[in-house]
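The values are calculated or read from the model by the stated rules, or taken from the named source; none is laboratory data. Note that the structure is predicted; figures quoted are calculated from it, not measured. Don't worry about glycine lacking a Cβ; one is built from the backbone with ideal geometry, like all the others, and counts go over all protein chains shown.
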Amino acid sequence: MPRVTIRAKLLLLSIVMLSIPYVGFQYLRETERYLQSSLEDSLLAVAGALAVSLQNQSRIFRNSSKTDQSGYPLFVHSLSYPIHIDGYTEDWVDYLDWSDRFAHSEQTLELGRSGPSFDLVVGAHEQNVNLLIRITDDSFVYQRGGLFDPNEADTVELVLNGDNSELQSVYFGTSGPGPVAAYSIVENWDFSVSRRPENNIVGEWRETEQGYVVEIRIPQFRVNDAVGIVVHDRDANSPESLKASTAGSLEPIAPNALLRTSAQLQQTIERVGLKKGRRVWMINRNGQVLASGGSLASEYKRGAINFLYTWILPAATDSFEDDLRSASRLRGKEVLTALGGRKSTRWRSSPDERAVIVSAAHPVRAGNELIGAVVVEETTNSIQTLQRDAMAALFNKSIAIFFGVTFILLVFASRLSYRIAKLRDQSERAIDQHGRVVGTISESSASDEIGDLSRSYAAMVGRLADYNAYLESMASKLSHELRTPLTVVSSSLQNLDSLSSGSEQEPYLARAREGTERLHNLVSRLSEAARLEQSVANVEFEEFDLTVLLEGCVDGYRNIYPHSQIQLIHAQSPCRFLGSGDLIAQLMDKLIDNAIAFGSDNEPIDISMERQPNGIELRVVNRGSLLPEAMQSQIFNSMVSLRGARSDKEPHLGLGLFISRLIVELHGGTISARNLTDDSGVEVTVLLPVSEDSPVA
């Protein structure tokens, strides 16, 4: 299982604080919906108030909606600049989307060919009225010679209200593209007809891929607030001329009323005092604009650029495409609903999708009569700006708090981890791998749980050190306490032996002497272990040949243990080593004694020495009893013995291997024991390290 530190856990816990911005963002979303609903209500309230105030101006709405005598009213755009009469549409680019389209009468279909259709835009600048007529015609015929009959060639006819309310027609026909002269047809006294030029009317004729364009400028006094357009289409392969007009199917053709922005309604809008970024439309029953005011453009505060905030919520902008800027009529869903008698709202995106526009439409009534509608528009830039500022403030504060809390938690976790690691290191250094207390634990003055734990550990280690000291001094105490009674027993036996030499007392005296000798040996071994621990730090090292030492030891073991096969293998000479020869010999004595005690009869005891990269390795291998698994790491401790079941005459207190470990550790080495892989015996391994400047050869 992977180790997870307290610091990592606390840092992971601090990530939960990131939920604060998420919850705040969801709250902002709910706030956005509330603000949107409030914006709709606000726009509807403004539209409703304006609709009520327009009830006393119903005449303007009614007059602009009449279609019974003059056909569909033609909206006149207020041009902010003069139009150059050249047959091109570049000057009309802001108004082309609001052109009115007229087509030929259905009765003309019986001739077997499609009739003409045209788009019309009407604009006024100063004292002139400008007309842009774009005719769709796949084949057209120019006038030739002295022909001036409009039915003999493609001709554009203007129908005007003349003097005495008489209708007057002005024609535009030409023999080719370019400037076109306007003329009227008059009847002479002899019933003949002739052309009369109209010098104050200017026109331009230009061919296009779809047909041709006629651009006209006519003085305002000639129009008299009404004008009609008739397009005569002559096909070379057809004997009759077709026509399309602004009057539609009305006969006789009458000029269409010109619908202009109402100055009275415009003043009403100005008196309202619209807030910046809001626009108002007043339309008649046909959806045509009678007055408009205000603008959707507004300046909004721009904060510092932040990629994250821009990605989540784009910044509001007043630079967007306004498709209704020059509108002459409105046909949105909310407008149609309002013209049907019910107030409505609509959300739409600008054509470039850089802004969202909310429009509210409210019907205008005069009594029970529906006469028009009021439309109020506004972008959501104010909501978006408010939401973005709130989001930026929320995120900035949340991130600042997050990093602050994370830093505090990091410092706290680091301090906590340091204190725990320090307590762990002191605990590990206080007790060595053999369970001996070799250090202390400093008591912490902190009043928290870790401070209590350190003080408990310090007290525990202190008590354990006292107990270990007691155990370690037990051998010397026992030897001191046992020596006096042993001396008394020994002297008493000697006196008894000198007083009487009867044969019956001899066996008892022999057994007493034997027991006394074993007690002497026991005390000697206890004293030996105590003395070795006390004197081991004062041993002086000298250089000697380790191979020669081992060979001498093995020769002695063969004399002492004639029934055991002891052999030295893998020993190379010379092998110079810096250490204590007497202690190394004593180490080998303990290991051989242990090997003979646990070895099987007639089985050899192998002693080997090999040079390793990190030192010299000694091995003693005997065949016989195996080590219990639980005792392999404990047999080198003091007072640990596995000979309790044996009937040896020599006393065994478990000090032999303990002394061996002390000798090896004095030389900076390690000692270990393990069962052989084939479970035939035990192998004891001693590794004596050699430094770089050691004289080992």
Looking at (1) surrounded by 14 or more Cβ atoms within 10 Å (Cβ to Cβ); (2) within 30 Å of N63 (Cα to Cα); (3) of a type in the set (D, E, K, R), can you tell me which one K422 breaks? (2)
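Just name the residue that is farthest from the chain's Cα centre (by Cα) out of those in region 557-586 that are among the hydrophobic types (A, V, I, L, M, F, W, C) and within 26 Å of D679 (Cβ to Cβ). It would help to see each step written out before you state the result.
Initial filter on region 557-586 (among the hydrophobic types (A, V, I, L, M, F, W, C)): 560, 566, 568-569, 571, 575, 577-578, 583-585.
Retained after the next criterion (residues that are within 26 Å of D679 (Cβ to Cβ)): 566, 568-569.
Details: I566: 74, L568: 71, I569: 69 Å.
The residue in question is I566.
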What are the residue pairs meeting all of these: first residue in region 658-682, first residue farther than 18 Å from P628 by Cβ, second residue in a loop (DSSP other than H, G, I, E, B), Cβ atoms under 6 Å, and 6 or more apart or on different chains? R661/F636
Residues of region 601-629 being farther than 17 Å from R674 by Cα and either surrounded by fewer than 17 Cβ atoms within 10 Å (Cβ to Cβ) or not assigned by TED's automatic domain parsing to the domain that holds R674 (or both), in sequence order, are D601, N602, E603, P604, E610, R611, Q612, P613, N614
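Give the residue that is farthest from H77 (Cα to Cα), with candidates limited to residues of region 259-278 that are of a type in the set (A, V, I, L, M, F, W, C) and part of a helix (DSSP H, G or I).
Within region 259-278, the subset of a type in the set (A, V, I, L, M, F, W, C) is 259, 263, 265, 269, 272, 274.
Those left that are additionally part of a helix (DSSP H, G or I): 263, 265, 269, 272.
Values: A263: 14, L265: 16, I269: 18, V272: 23 Å.
The qualifying residue farthest from H77 (Cα to Cα) is V272.
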Would you be able to say whether some residue in region 222-245 is in contact with an Asp or Glu (Cβ under 7 Å, 6 or more places away or on another chain), surrounded by 20 or more Cβ atoms within 10 Å (Cβ to Cβ), assigned to a strand (DSSP E or B) and outside the structural domain of E152 (by TED's automatic domain parsing)? no
Requiring at least 2 residues that are modelled with pLDDT of 90 or more and in contact with a Phe, Trp or Tyr (Cβ under 7 Å, 6 or more places away or on another chain), the strands (runs of 3 or more DSSP E) wholly within region 320-398 are 356-366, 369-379
Where residues in region 518-573 are farther than 16 Å from I659 by Cβ and among the basic types (K, R), which of them is modelled with the highest pLDDT? R558
Does region 683-694 include one or more residues that are at pLDDT below 60, under 21 Å from S573 (Cα atoms) and surrounded by 15 or more Cβ atoms within 10 Å (Cβ to Cβ)? yes
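Name the single residue that is farthest from D225 (Cα to Cα) among those in region 164-181 being buried (at least 19 other Cβ atoms within 10 Å of the Cβ) and modelled with pLDDT of 90 or more.
First, the residues of region 164-181 that are buried (at least 19 other Cβ atoms within 10 Å of the Cβ): 170-174, 180.
Then keep just the ones that are modelled with pLDDT of 90 or more; that gives 170-172, 180.
Numbers: V170: 16, Y171: 19, F172: 20, V180: 24 Å.
The residue in question is V180.
Among what's in region 337-359 and is under 11 Å from T379 (Cβ atoms) and not basic (K, R), pick the residue that is surrounded by the most Cβ atoms within 10 Å (Cβ to Cβ).
Taking the candidates together, the pick is S359.
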